[in-house]
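Below is one structure, written out as structure tokens; comments come after it.
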Amino acid sequence: MEPMTDPRLAVIVLAAGQGTRMKSSRAKVLHPLAGVPLIGHVLATAQELSAAHVIVVVRHEREAVATAILELMPEAIVVDQDATPGTGRAVELGVAALPSGFDGEIVVVSGDVPLLDAATLSGLIVAHRASASAATVLSAIVDDATGYGRIVRDVSGALLRIAEQKDATAEELTILEINSGTYVFAASSLRSQLPRIGSDNAQGEKYLTDMIGVLQAAGLAVDAVPAPAAWMVEGVNDRVQLAVTAARLNAMIVRGWQLAGVTVQDPATTWIDIRSSLAEDVELLPGTHIAGATSVARGARIGPQTTLVDCEVGENATISRSDATLAVIGAGASVGPFAFLRPGTELAEDGKIGTFVETKNAKIGAGSKVPHLSYIGDTTVGEGSNIGAGTITANYDGVNKHKTVVGSHVRTGSHNVFVAPVRIGDGAYSGAGTVIRKDIPAGALAINVAPQRNSLGWVAEHRAGTAAADAAGRAGDEGTD
Ligand code: UD1
Ligand code: CA
């Protein structure tokens, strides 16, 4: 069922800024956090508010940002900021994109403040509506206010205005209540007073923060309400803040899964992306990253030192010291240590992909095993088969990729090469070192290695005086050829 939308609520997300402090060719709001672009977290919160309109203002890296926004939230309206800089200008253009008849509350949030949750925002909206203010600012009390706009109140505590870091007086700079960059405005007041904002300030920008002073001076009620905790409104402006925010969010995600029944041996080195899901009695060992939209079923044991990206892991599977992307690992299957599962790997129940094995586009049937030192690509293996140690599928002829099809209950020898396209029938065997260039019929044994020739006494003749020759001499074995 579609959630009811609130026809009197609009959200404007500010995402046009350059993000200079990130020193990145990628737009700031597209830097990933818990496997989702920064702005994705803000859009998810906006979605939870069930606003009738969600507007996102963009400019820097416009194409990439707009594409990501519409992928994350197709119903969002993307608005382009023009050459006039500043958060005030961004909101002005956002407001202009709302239906002219829109009357209600406009929530303004920053695309670079990802940890603010919908419950806190809903509380702000409720407080705003109850007070009939023209604007309610979400503030925060912090230990270090550097860089933030300061909340300036009069002696009675009433909000007067917001002073930006670069414009504040020495006295204002000592204020520890800061502007979170999150606001609720009455649409009518915002529309009528926005044109009064100028750009006569240290940065030559139209500051949205000036709206508070403008509304206050116009005799309209304004208020600032501190957030329950300062970390909720921390902005990501540089890579240090990105890492701090990522660690904080991860700690919350890990804790959530622990309380949901997941054993996490070392929360500090375990990373779980926000779109991943874990069942009860999953066990995560140190150094594990559950990334993307990975799902892990009950009883599975993952790690140590394992990364799973967009994988599906079945019940009671075990994966150790491995790296997998877009792979399906069946119930009771075992992977690693030191396996590399590339996209299209499907390991059925009770199967095994063992040590130093790389797979790609490989469907390995129930109970089948690729235990050691192999590359298996563009391959299907039936059930109950065993692929010998050191097997390579030669799937690429330099131009095209070809398939290898292995039947059920096959036993191939160590150090085989399957030169694709090739088929190995059910129940077939191959000898050690076989280069399989043509199909093996069901039940056949394939051997194509040249017979071994022993040149007796070769070491004594050609390597006289070496330790090998001495050892051979002591053995006194004439041998047979
Ligand atoms: C802003 C506030 C500051 C507050 C802080 C909280 C202003 C003038 N200052 O400062 O009071 O303490 O946020 O994090 O608002 N943006 C646009 N268009 C622009 C400029 C910015 O859309 O022309 C967007 C940015 O992409 C960003 C948000 O607005 O998502 C805030 O911009 P940023 O430059 O990070 O402002 P701060 O200096 O952090
Ligand atoms: Ca910011």
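The values are calculated or read from the model by the stated rules, or taken from the named source; none is laboratory data. Bear in mind that the values here come from a model prediction, so they are computed numbers and not experimental data. Cβ placement follows ideal geometry from the backbone for every residue including glycine, while neighbour counts extend to all protein chains displayed. For accessibility, only protein heavy atoms count, side chains too; no ligands or nucleic acids. Shrake-Rupley method; radii C 1.70, N 1.55, O 1.52, S 1.80 Å.
Using R₀ = 25 Å, calculate the FRET efficiency as 1/(1 + (r/R₀)^6) where r is the Cβ-Cβ separation of Ser199 and Asp144; round to 0.05.
FRET efficiency, Ser199 to Asp144: 0.35.
Indicate, rounded to the nearest 5 percent, the antiparallel portion of the DSSP beta bridges found entirely in the chain.
Of all bridge pairs located within the chain, approximately 20 percent are antiparallel.
For Val328, what accessible surface area do you get with a 1.4 Å probe? Give it in Å², rounded to 10.
50
Starting from the 7 Å offset along Cα-to-Cβ, what nm value, one decimal, do you get for the label separation of Arg437 and Asp117?
With each label point 7 Å from Cα toward Cβ, the separation is 6.6 nm.
Please work out, to two decimal places, the log10 of the ratio I(q)/I(0) at q = 0.10, 0.12 Å⁻¹ from a Debye calculation in which every Cα of region 298-445 carries one identical scatterer.
-0.30, -0.43
Please report, in debye to the nearest 20, how large the charge dipole of the chain is about its Cα centre when each Lys and Arg carries +1 at its beta carbon and each Asp and Glu carries -1 there.
Once rounded to the nearest 20, the dipole reads 920 debye.
Counting each pair of different Cα atoms once, what's the Kirkwood radius of the chain in Å, rounded to one decimal?
Values: mean 1/r = 0.0373 Å⁻¹.
The answer is 26.8 Å.
How would you classify region 11-151 from its alpha-carbon gyration tensor, with a ≥ b ≥ c the square roots of the eigenvalues: rounded for a/c under 1.5, else prolate if a/b is greater than b/c, otherwise oblate?
Verdict is rounded for region 11-151.
Among Pro7, Val57, Ala44, whose Cα sits farthest toward the positive end of the charge dipole of region 1-74 (+1 at Cβ of Lys/Arg, -1 at Cβ of Asp/Glu, about the Cα centre)?
Among Pro7, Val57, Ala44, the one farthest towards the positive end of the dipole of region 1-74 is Val57.
Take the alpha carbon gyration tensor of region 262-352, find the square roots of its eigenvalues, order them as a ≥ b ≥ c, and report rounded if a/c is under 1.5; if not, report prolate when a/b exceeds b/c, else oblate. Please report the intermediate quantities before stating the final value.
Numbers: a/c = 1.38, a/b = 1.29, b/c = 1.07.
It comes out rounded by the Cα gyration axes.
Report the Cα centroid-to-centroid distance between region 324-401 and region 134-188 in angstrom, as an integer.
Centre-to-centre distance over Cα atoms comes out at 58 Å.
Compute the length gained on full extension between Ala229 and Asp82: take 0.36 nm times their separation in residues and subtract their Cα-Cα distance, giving the result in nm to one decimal.
That pair, Ala229 and Asp82, stretches by 49.5 nm at full extension.
Rank Pro228, Ser131, Ala97 by how far each Cα sits towards the positive end of the charge dipole of region 6-233 (+1 on Lys, Arg Cβ; -1 on Asp, Glu Cβ) and give me just the farthest.
Ala97
Do any GluC sites (Glu not before Pro) in region 75-138 lie in a loop, going by DSSP, with at most 11 other beta-carbon atoms within 10 Å of their beta carbon, and if so which?
On the way: sites: Glu75, Glu92, Glu105; in loops: Glu75.
For GluC sites (Glu not before Pro) across region 75-138 that sit outside H, G, I, E and B with at most 11 neighbouring Cβ atoms in 10 Å, the list reads Glu75.
Under a point-charge model restricted to the Cβ atoms of Lys and Arg (+1) and Asp and Glu (-1), what is the dipole moment magnitude of region 22-105 relative to its Cα centre, in debye to the nearest 20?
460
Could you tell me the accessible area of His402 in Å² (1.4 Å probe, neighbours in place), rounded to the nearest ten?
My reading of the accessible area for His402 is about 50 Å².
From a point 7 Å beyond the Cα of Arg153 in the direction of its Cβ, which residues of region 204-235 have a backbone N at a distance under 20 Å?
The answer is 209-217, 219-234.
Which whole-Hz ³J(HN,Hα) couplings does region 367-380 yield from phi under the Karplus relation 6.51 cos²θ - 1.76 cosθ + 1.60, θ = phi - 60°, glycine and proline marked x?
Coupling constants for region 367-380: x, 7, 9, 10, x, 9, 6, 9, 10, 10, x, 6, 9, 10 Hz.
Report, in whole Å, the centroid distance computed from the Cα atoms of region 203-269 and region 53-82.
21
Between Lys352 and residues 5 or more places away or on another chain, which pairs have amide H atoms under 5 Å apart, with H built 1.01 Å from N, and which residues are they?
Under 5 Å from the amide H of Lys352 lie the amide H atoms of Ser334, Ser368, Lys369, Val370, each far enough along the sequence or on another chain.
Computed FRET efficiency, Cβ-Cβ of Thr263 and Ala127, R0 30 Å: what is it to the nearest 0.05?
My answer for the efficiency is 0.15.
Using only Cα positions of region 300-353, each an equal point scatterer, no hydration layer, compute I(q)/I(0) via Debye at q = 0.17, 0.26 Å⁻¹ and quote the log10 values to two decimals.
The calculated log intensity ratios at q = 0.17, 0.26 Å⁻¹ are -0.37, -0.94.
Starting at the first residue of region 217-222, write each ³J(HN,Hα) from the Karplus equation 6.51 cos²θ - 1.76 cosθ + 1.60 with θ = phi - 60°, in whole Hz, x for Gly and Pro.
Taking θ as phi minus 60°, the curve returns 5, 7, x, 8, 6, 10 Hz for region 217-222.
Once Lys and Arg get +1 and Asp and Glu get -1 on their Cβ, which of Gly398, Val79, Val29 lies farthest toward the positive end of the dipole of the chain?
About the Cα centre, the residue reaching furthest to the positive side is Gly398.
What are the ³J(HN,Hα) couplings of region 27-32, residue after residue, when phi is run through the Karplus curve with 6.51, -1.76, 1.60 and θ = phi - 60°? Round to Hz, x for glycine and proline.
4, 3, 5, 9, 5, x
On a full-extension model of 0.36 nm per residue, what is the gain between Phe356 and Ile447, subtracting their alpha-carbon distance, rounded to one decimal in nm?
30.2 nm
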